[in-house]
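Worksheet for the structure shown next.
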Amino acid sequence: MEQVERIDTVKHYNDHAGVDTLHPLVSVVKFSELPFVRNFRRYMGIYAVFLKDNKCGDILYGGKPYDYGDGTLVFVSPGQVYGIDNHSVNTNPSGYGLLFHPDLIAGTQLGKTIRDYSFFSYEVNEALHLSKKERKTIVECLEKISTEIEQNIDKHSKTLIVSNIELFLNYCIRFYDRQFITRSHANKDVLVRFENLLNDYFKSEKAQNLGLPSVTWCAEQLHLSPNYFGDLIKKETGTTALDYIQSKLIDEAKLRMFDASKTIHDIATELGFKYQQHFTRLFKQKTGVTPNEYRNLN
């Protein structure tokens, strides 16, 4: 595995790429003007958004493969590690890179809301797949940012650059919402695998050994980040991933109530609860009656 390089400033990235630094805190790089891509791994101290117009190797993001292809956007935030493995084959890159330092947005509205752009926090696996029309919009935004960077820096520069970055990110949100719809076939497959995962969890002894299944654990088993997994389940089912898990758990509990040989404590333990009172509280919250009341009614 390649040694991890640290990229802590925009100039540091530009120096690696071999391009001039026109603004100390922000840069738009055209990959078509760069030489071929080599294997690398980088720790990023800055924000980066890459528009990939061709496959330049396998992207490793958070130590795992990242789902991307031609015409996709890849998002990296400070503190994350990403890299390219082109299997020692020289590849000519194509597309754009937007790099900006956290100091650029410090004290701005974008600085306050940057964490709301959840695609920056995805640790694995899902790029933003653009249509041709969406790509045109994204490139226009990047060109506006680039044009402003090329101007002489004045008192308006920061406001205009940050405003255009915010506009760019808001378009990304719109396109991500569209993606949840147009990639619904893949999303349905995740739902099927999620359902099967929970069925297996409660049929086996995993619940007794591991406790209650968490959203993070389920996301890891499905090779998705918790944030993306949560967004997907919410879009597809109208409920949170946690509510989905809890509903599945209660359905399983109801089935076991009909086995008269099992006590409520036995059922709670089998389902992964450490304490029976926690099971009772959740069961009543979801059904309106306690486990004993449900058993007596049925």
Filter region 198-257 for residues that are outside any helix (DSSP H, G or I), within 27 Å of Leu128 (Cα to Cα) and in contact (Cβ under 8 Å) with a residue 60 or more places away in the chain and give the result.
His223, Leu224, Ser225
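Give region 260-270 a look and list any residue that's surrounded by fewer than 18 Cβ atoms within 10 Å (Cβ to Cβ) and part of a helix (DSSP H, G or I), or say none. Step through it out loud before you land on a result.
Initially, region 260-270 is screened for residues surrounded by fewer than 18 Cβ atoms within 10 Å (Cβ to Cβ), giving 260-263, 265-266, 269-270.
If the condition is that a residue be surrounded by fewer than 18 Cβ atoms within 10 Å (Cβ to Cβ) and part of a helix (DSSP H, G or I), then His265, Asp266, Thr269, Glu270 are the ones that fit.
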In region 119-134, is there at least one residue being more than 19 Å from the chain's Cα centre (by Cα), at pLDDT 90 or above and over 21 Å from Glu220 (Cβ atoms)?
yes
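Among the strands (runs of 3 or more DSSP E) contained in region 25-64, which hold 1 or more residues that are in the same structural domain as Thr159 (by TED's automatic domain parsing) and at pLDDT below 90?
Details: elements: 26-30, 40-44, 47-52, 58-61.
Result: 40-44, 47-52, 58-61.
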Among the candidates Phe279, Phe273, residue that is in the same structural domain as Asp189 (by TED's automatic domain parsing) and outside any helix (DSSP H, G or I):
Phe273
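Results for (1) under 25 Å from Ala127 (Cβ atoms); (2) modelled with pLDDT under 90; (3) surrounded by 15 or more Cβ atoms within 10 Å (Cβ to Cβ); (4) assigned by TED's automatic domain parsing to the domain that holds Ser118, shown as yes or no for each residue.
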{"site": "Leu212", "(1), (2), (3), (4)": "no, no, yes, no"}
{"site": "Ala241", "(1), (2), (3), (4)": "yes, no, yes, no"}
{"site": "Ile245", "(1), (2), (3), (4)": "no, no, yes, no"}
{"site": "Ile250", "(1), (2), (3), (4)": "no, no, yes, no"}
{"site": "Leu255", "(1), (2), (3), (4)": "no, yes, no, no"}
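Residue by residue, here is whether (1) touching a strand residue (DSSP E or B) at 6+ places or on another chain (Cβ under 7 Å); (2) exposed (fewer than 15 other Cβ atoms within 10 Å of the Cβ); (3) modelled with pLDDT under 90 holds:
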residue	(1), (2), (3)
Trp217	no, no, no
Leu224	no, no, yes
Glu236	no, no, yes
Phe258	no, yes, yes
Gln276	no, no, no
Gly288	no, yes, no
Any residue at all in region 73-96 that is in the same structural domain as Glu143 (by TED's automatic domain parsing), modelled with pLDDT of 85 or more, in contact with an Asp or Glu (Cβ under 7 Å, 6 or more places away or on another chain) and within 19 Å of Phe119 (Cβ to Cβ)?
yes
Can you tell me how many residues in region 142-169 are of a type in the set (D, E, K, R) and within 30 Å of the chain's Cα centre (by Cα)?
5
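The values are calculated or read from the model by the stated rules, or taken from the named source; none is laboratory data. This one's a predicted model, so the numbers in the text were calculated from it and none came from an experiment. For neighbour counting, all protein chains shown are included, and Cβ atoms are generated from backbone atoms with ideal geometry for every residue, glycine included.
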